[in-house]
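Read the structure below first, then the notes.
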Amino acid sequence: MLNFPKETLKFIKKYLRRQQKEVDKNLKEVSEDDPVKSPALAESSEPGTDSYIADTHAKSVVLEKQLKDTKTSIKAALLKIKNGVYGKCEKCGKQIGIGRLLAMPIAQYCVSCSNKISKRK
Ligand SMILES: [Zn+2]
């Protein structure tokens, strides 16, 4: 178990659970707004509707992917809390700073690894 104040961990867990609900809600909304998945909108045959549908659908797909990625990260973070390995950098194994985790609870890497990874891109 990493050196983590229990209260901090509790706070992060709560935050992640709330985030998770929020993401689920947003995912549902994105899917409802996607004209391809909404028959009422797709059936309308106004001029220009096709490009509107294609455009909105493309945006929905991007947003949905982002939300799904966030959901995966939240799940992974919650699992790490459960397994007592939360806050450990997935690259070098060092503990990620508490300040960083509070700012970004789904962080997978410590600051120095994260910098190295983003530089490589
Ligand atoms: Zn690291």
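The values are calculated or read from the model by the stated rules, or taken from the named source; none is laboratory data. Since this is a predicted model, take the numbers as computed values, not measurements. As a convention, Cβ positions derive from the backbone with ideal geometry for all residues, glycine included, and neighbour counts pool all protein chains shown. For accessibility, only protein heavy atoms count, side chains too; no ligands or nucleic acids. Shrake-Rupley method; radii C 1.70, N 1.55, O 1.52, S 1.80 Å.
The C-alpha atoms of the chain occupy a region whose extents along the principal axes are 61, 33, 20 Å, arranged from largest to smallest. The magnitude of the dipole of the chain, with charges of +1 and -1 set on the Cβ of Lys/Arg and Asp/Glu and taken from the Cα centre, is near 1460 debye. Rank Y15, Y52, Y109 by mean-square fluctuation in a GNM of the chain with C-alpha springs under 10 angstrom and give only the top-ranked residue. The residue that fluctuates most here is Y52. Taking 0.36 nm per residue of separation and subtracting the Cα-Cα distance, full extension of the segment from V62 to F4 would add 17.3 nm. Between V36, C113, P5, the Cα set farthest toward the positive side of the dipole of the chain (charges on each charged residue's Cβ, about the Cα centre) is that of P5.
Under 5 Å from the amide H of K88 lie the amide H atoms of I96, each residue being 5 or more positions distant or on a separate chain, with H modelled from the backbone and absent for Pro and chain starts. Along the stretch 74-86 the Karplus relation, 6.51 cos²θ - 1.76 cosθ + 1.60 evaluated at θ = phi - 60°, assigns HN-Hα couplings of 5, 4, 4, 5, 5, 5, 5, 4, 4, 8, x, 10, 5 Hz to successive residues, with x for each Gly and Pro. Rolling a 1.4 Å probe over the heavy atoms of the protein chains gives the chain an accessible area of 71 Å² per residue. If you fit an axis through the alpha-carbon atoms of helix 111-120 and take the longest principal axis of the Cα set of the chain, what angle between them do you get, 0 to 90°, nearest 10? Around 50 degrees separate the two axes.
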